[in-house]
Amino acid sequence: MNIVLLGTGTSTGIPVVGCRCRVCCSADPHNQRTRCSALLSCGGHNLLIDTATDLRQQALREDIQHIDAVLYTHCHADHVHGIDDLRGFNVPGGNPIPLYADPQTLISLRRNFKYIFDPCQPPGYVPKLTLHPLAGPMDLFGLEIIPIPLRHGAQPATGYRCGPFAYLTDCNRIPDSSLALLKGLELLVLDGLRFKPHPTHFNIPAAVAIAQSIGAKQTLLTHLSHDVDHAGVDADLPDGINLAYDGQRFSFDVPYHFLPATGDP
């Protein structure tokens, strides 16, 4: 299984429009962050986590040729507003792309993107997509995907585990029942917005503490704001904990049942 962190920035992206702070003006490519998303590839199949606002830019940068399914973490704009760019991944004459999400996110998608999901809308060039509720662990293209319930302030959010990898963005609390699903990780990608406290995101000290309790071999903090300078902060984090950056790649051996792919990865 191959993993690419497509985007590692907070909802504004970095640089922030109109901002002239040190991080937004930085020449360090690690400080140039698109909105949060990740891609899992295995056996020629591509699973996208969130359709971030910057999906088009991310897909062009990483030369993504096809998307076989999308896993949504929650319904906030920076995680869903790239949905229209899924049009380019609809294979002519092929099946719609399945989208998986919790019930609240499905309701939001139906409402906010009525032009896609309402069959009474006039025909047009829209993505061909189907909505599917999460109902516990599932097999997608031979990979076991385990949804991880999270809290994002007062709102639920969903993380995902696949083999030794877990992706937990946009959260400020992990229930005990979810912590039990995170044992034995090689790689944990975890929300770590900034140093100051935030009502719906882990700040960096809280993220470090929860990461140390989970005990993954490596933890990467994502959804980073422009308060976080990569070089200055990364060097001071505890061993095994680092800041994520756009385009970061990992590979793991995972058990899967081979299924024919729909195209090139």
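The values are calculated or read from the model by the stated rules, or taken from the named source; none is laboratory data. Every value quoted in this text rests on a predicted model; they were computed, and no experiment measured them. Every residue, glycine as well, gets a Cβ built from its backbone with ideal geometry; the counts of neighbours run over all protein chains shown.
Could you please let me know if Gln248 is of a type in the set (S, T, N, Q), surrounded by fewer than 22 Cβ atoms within 10 Å (Cβ to Cβ) and under 17 Å from the mean Cα position of the chain (by Cα)?
Details: of a type in the set (S, T, N, Q): yes; surrounded by fewer than 22 Cβ atoms within 10 Å (Cβ to Cβ): yes; under 17 Å from the mean Cα position of the chain (by Cα): yes.
Answer is yes for this residue.
When you go through Arg35, Arg20 one by one, which is the residue that is at pLDDT 95 or above and loosely packed, with under 14 Cβ neighbours inside 10 Å?
Details: Arg35 fails: loosely packed, with under 14 Cβ neighbours inside 10 Å.
Arg20 is the lone residue from the list that is at pLDDT 95 or above and loosely packed, with under 14 Cβ neighbours inside 10 Å.
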Q) Within the range 59-81, which residues are closer than 16 Å to Thr169 by Cα and either without any contact (Cβ under 8 Å) to a residue 60 or more places away in the chain or in contact with an Asp or Glu (Cβ under 8 Å, 6 or more places away or on another chain) (or both)? A) Val70, Leu71, Tyr72, Thr73, His74, Cys75, His76, His79, Val80
Q | Failed item in (1) surrounded by 13 or more Cβ atoms within 10 Å (Cβ to Cβ); (2) touching a residue at least 60 places away in the same chain (Cβ under 8 Å); (3) at negative phi, with Phe141 passing the rest | A | (3)
Q. Given the conditions (1) within 24 Å of Cys42 (Cβ to Cβ); (2) at pLDDT 95 or above, and given that Ala135 satisfies all but one, which numbered condition is not satisfied?
A. (2)
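Per-residue answers, yes or no, for (1) free of Cβ contacts under 8 Å to residues at least 40 places away in the same chain; (2) under 27 Å from Phe141 (Cβ atoms); (3) not polar (S, T, N, Q):
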| residue | (1), (2), (3) |
| --- | --- |
| Cys162 | no, yes, yes |
| Phe165 | no, yes, yes |
| Asp170 | no, yes, yes |
| Ser178 | yes, yes, no |
| Leu181 | yes, yes, yes |
| Phe202 | yes, no, yes |
| Ala206 | yes, no, yes |
Q.
I'm told Gly44 meets every condition in (1) touching an Asp or Glu at 6+ places or on another chain (Cβ under 7 Å); (2) modelled with pLDDT under 95 except one. Can you identify the failing condition by its number?
A. (1)
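Would you mention how many residues in the range 150-160 are out of contact with any Phe, Trp or Tyr (no Cβ under 8 Å at 6 or more places or on another chain) and either crowded, with 19+ Cβ neighbours inside 10 Å or in a strand (DSSP E or B) (or both)? Show your work before the answer.
Restricting attention to the range 150-160, the residues satisfying the condition of being out of contact with any Phe, Trp or Tyr (no Cβ under 8 Å at 6 or more places or on another chain) are 150-157.
Filter once more, keeping what is either crowded, with 19+ Cβ neighbours inside 10 Å or in a strand (DSSP E or B) (or both): 150-152, 155-157.
Within the range 150-160, residues that are out of contact with any Phe, Trp or Tyr (no Cβ under 8 Å at 6 or more places or on another chain) and either crowded, with 19+ Cβ neighbours inside 10 Å or in a strand (DSSP E or B) (or both) number 6.
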**Q.** Selected residue (criterion: farthest from Ile67 (Cα to Cα)) from residues of the range 92-141 that are touching a strand residue (DSSP E or B) at 6+ places or on another chain (Cβ under 7 Å) and polar (S, T, N, Q)
**A.** Gln104
**Q.** Hits in the range 9-41 - residues which are outside any loop (DSSP other than H, G, I, E, B) and either aliphatic (A, V, I, L, M) or closer than 24 Å to Ala157 by Cβ (or both)
**A.** Gly9, Ile14, Arg33, Arg35, Ser37, Ala38, Leu39, Leu40, Ser41
